[in-house]
Structure formats: structure tokens, C-alpha cells
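*Asks:* Here's a structure for you.
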Amino acid sequence: MTHAVAIVPAFNRADTVGATVTALRTVPDVLEVIVVDDGSADHTASVAAAAGARVVEFARNRGKGAAVAAGVVASGAPAAYLLIDADVGDSAALAGDLLAPVAQGLADMAIAALGPPTGPSGFGLVKAFATQVVRAQTGLTLAEPLSGQRAVRGSLLRSVEFAGRFGLEIGLTLDAAARGATICEIEVAFSHKPSGRDVKGISHRARIGRDVYRATRSRIGAPRTLLHLVASLVSRLRVGGRPTSRQPARPSRQKRRLRTARVASMRHAASWLSLVQWRRRCARLGARLRQRLRSLRGSRHSPLSSGS
């Protein structure tokens, strides 16, 4: 049995923090739940305390990184930690699945790849940047590089320097990899509430992007950080700015065949036509053929002129 402490950073989450704490207290290896109220203006602290959590309160908002750091200081020295966002609610009961690889000694840090979002999500720019950085610096390709749901070996988490605010997760991943830690990612169907595409959601993601950039720059330097940023932007432009899914839909057999078929009428035999271009060309060719047939039929059935 691994003794674990769950740390829940919370900012204005009176609506969900109670259910999150209640669910975490049902996880067998969790000895204590610590909620760090990051300067909330609502009743987050009182709701968390009523649900059975030990609450650490900030007088003002200091960000997620500082909140987790305060939770670690208040926790003592458990064998493992669970880092859980305050908005996962009842699904926090699944945290035992996330803790298992660390408890069994299979990993030093386990990252949760979450279930599908419950609402409209963002454009994927920050996630693409984080994916590019983690892949280049650690060799890991993570589906959710910025996931806040993590299980971490206690001595590892206490040895790292926490990045500020929303840079926490990528900083933790880079620091753990630099220490030779074993990192794994597993699918756990935590529910979550992604920010939308309105002004508030875009502003929130801009702050996340700023913090992720700062955390990355402080660890690998500005030149490499800018290089990864450009590479991620280029990759997003290539897919038309559409968010990437973890399991992209497989194209149909007809679409794959048309994408890979050589078109003999093109000047260069090595050139390829996309499906849309192929359809447009066929439509134009068909229109010309129909027009030619109508003209031939018209000339065949037209009456002979009087001068013939």
C-alpha cells in the first residue's frame, strides 16, 4: 500500500471542489486531501473544508504552481502525490487508476490522458507547442502534455522547482525527465470543463500559453523555445488550424485511393492531386463532354439550309 496525499489547487471552484474532495477520499491509498484555495472570491475554502479536506488559503491569487508548492510543503513526506484539478468532480474517484503505476514502482510520474471534453475546446495551439517541446526534449509523445491530473513519486515532486502558474505541468515534465525519471501516460476518464472559444476562453488560453512559454524558456533557453514555437505553429497551419484528436479518423478507402493515385494528364508524373482537385477536374471534364455532345446532336438534327 502506498501512502499518498492528494493536492487540489482551486480558484473560484465552489461549484465542483466539494464533489472532487468527496471522491478523492474514497480512493484507498489517499490518506489526506489538501485543497489550496488560490485567493478565491467565492466559498471554495468553506466548501472544501465541509467535504473533509485540509485547506490552505492564499490571501491573493498566486497561480497554480505556487498553490501546488504550498500543498507539498503542508503535506509532510508521503510516498506519492496525486495532483488533481478542482473541476473534475465525482470522476476524481478514478484517481486510483492514475496512482497505480507509481504505487507499483512502474513509473515515477503518471500523467492522465483525459476523456473527451464536455464542451467546445480551444484551437490546440498551446497544446501543439507543449507537445513539440516535450517530444524534442524528452523523446516522449504525450497526448495530453498539459494534463493537470498526475501521480508523482513523493521524493521526485519534492526535489523539483515548480514553474509559475500554468507553466507547472510542462515544467514538471521537463524537470522529471532531466532527473532520469520514468514517465508514463495512461487514459483515465476524468471529466473536465475546457475553456470555450469566447473572449474569456481565449484570454484564459493566452495566459496558459504565456506561462508555458516562460516555463519552457527558463529550462531550455530562449533560442530553442522559439524554435519549438515556430515548429508548432507551422504544424498547426499544415492541418488548417483544426484541433488534433488523439485518434484521428481513418480516411475512407476511396479517399485513400484518390490521394495516392497518379494522374496521367498532369505534366509531372510525380505530381499528385488531392481529392477536391480530382473531383473538380472530373466535373469540368464532364461538363465539357456534355456540352460537346449537345452541340453534336444539335448539328445532326438541324434542318438543311435553303441554299444547300
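The values are calculated or read from the model by the stated rules, or taken from the named source; none is laboratory data. Note that the structure is predicted; figures quoted are calculated from it, not measured. A quick note on method: Cβ atoms are made from the backbone with ideal geometry, for glycine too, and the neighbour counts reach across all protein chains shown.
*Asks:* Of the residues that make up the stretch 149-172, is at least one over 27 Å from VAL33 (Cβ atoms) and polar (S, T, N, Q)?
*Replies:* For the stretch 149-172, residues over 27 Å from VAL33 (Cβ atoms) and polar (S, T, N, Q): absent.
*Asks:* For the stretch 54-69, name all the residues that are surrounded by fewer than 18 Cβ atoms within 10 Å (Cβ to Cβ) and not in a loop (DSSP other than H, G, I, E, B).
*Replies:* ARG54, GLU57, listed by residue number.
*Asks:* Are there helices (runs of 4 or more DSSP H) fully within the stretch 72-169 with at least 1 residues that are in contact with an Asp or Glu (Cβ under 6 Å, 6 or more places away or on another chain), without any contact (Cβ under 8 Å) to a residue 60 or more places away in the chain and not aromatic (Phe, Trp, Tyr)? List them.
*Replies:* 154-157
*Asks:* Quick one: which of ILE170, ILE183 is within 18 Å of VAL133 (Cα to Cα) and touching a strand residue (DSSP E or B) at 6+ places or on another chain (Cβ under 6 Å)?
*Replies:* Going through ILE170, ILE183 in turn, just one is within 18 Å of VAL133 (Cα to Cα) and touching a strand residue (DSSP E or B) at 6+ places or on another chain (Cβ under 6 Å): ILE183.
*Asks:* Ok, one more. Which residues, counting only those in the stretch 107-128, are out of contact with any Leu (no Cβ under 6 Å at 6 or more places or on another chain) and at pLDDT 95 or above?
*Replies:* Residues satisfying the conditions are ALA107, MET109, ILE111.
*Asks:* Also, quick follow-up: Look at the stretch 205-215 and say how many of its residues are of a type outside the set (Val, Ile, Thr) and buried (at least 16 other Cβ atoms within 10 Å of the Cβ).
*Replies:* 6
*Asks:* A further question on this structure: Among the residues of the stretch 1-51, which ones are under 15 Å from SER91 (Cα atoms) and either outside the structural domain of VAL152 (by TED's automatic domain parsing) or among the small types (Gly, Ala, Ser) (or both)?
*Replies:* Once the filter is applied, which keeps residues that are under 15 Å from SER91 (Cα atoms) and either outside the structural domain of VAL152 (by TED's automatic domain parsing) or among the small types (Gly, Ala, Ser) (or both), the stretch 1-51 yields ALA6, GLY18, ALA19, ALA23.
*Asks:* Would you confirm whether or not the stretch 36-45 contains a residue that is under 18 Å from ARG150 (Cβ atoms), in a strand (DSSP E or B) and within 28 Å of the chain's Cα centre (by Cα)?
*Replies:* yes
*Asks:* Within the stretch 184-196, is even one residue modelled with pLDDT under 90, surrounded by 14 or more Cβ atoms within 10 Å (Cβ to Cβ) and in contact with a Lys or Arg (Cβ under 9 Å, 6 or more places away or on another chain)?
*Replies:* Yes.
*Asks:* Over 27 Å from ALA215 (Cβ atoms) and either modelled with pLDDT of 95 or more or out of contact with any strand residue (DSSP E or B) (no Cβ under 9 Å at 6 or more places or on another chain) (or both): is that true of ARG25 in this structure?
*Replies:* Considered against the rule, which asks whether it is over 27 Å from ALA215 (Cβ atoms) and either modelled with pLDDT of 95 or more or out of contact with any strand residue (DSSP E or B) (no Cβ under 9 Å at 6 or more places or on another chain) (or both), ARG25 comes out as yes.
For (1) modelled with pLDDT under 95; (2) surrounded by fewer than 24 Cβ atoms within 10 Å (Cβ to Cβ); (3) more than 20 Å from GLY76 (Cβ to Cβ); (4) in contact with a helix residue (DSSP H, G or I) (Cβ under 9 Å, 6 or more places away or on another chain), each residue gets a yes or a no:
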| residue | (1), (2), (3), (4) |
| --- | --- |
| HIS3 | yes, yes, no, yes |
| PRO9 | no, no, no, yes |
| GLY18 | no, yes, yes, yes |
| GLU32 | no, yes, no, yes |
| THR44 | no, no, yes, yes |
| ALA48 | no, no, no, yes |
| GLY52 | no, yes, no, yes |
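*Asks:* Another question, then. Select, from SER40, SER75, the only residue that is touching a Phe, Trp or Tyr at 6+ places or on another chain (Cβ under 6 Å) and of a type in the set (S, T, N, Q).
*Replies:* Being touching a Phe, Trp or Tyr at 6+ places or on another chain (Cβ under 6 Å) and of a type in the set (S, T, N, Q) holds for just one of SER40, SER75, which is SER40.
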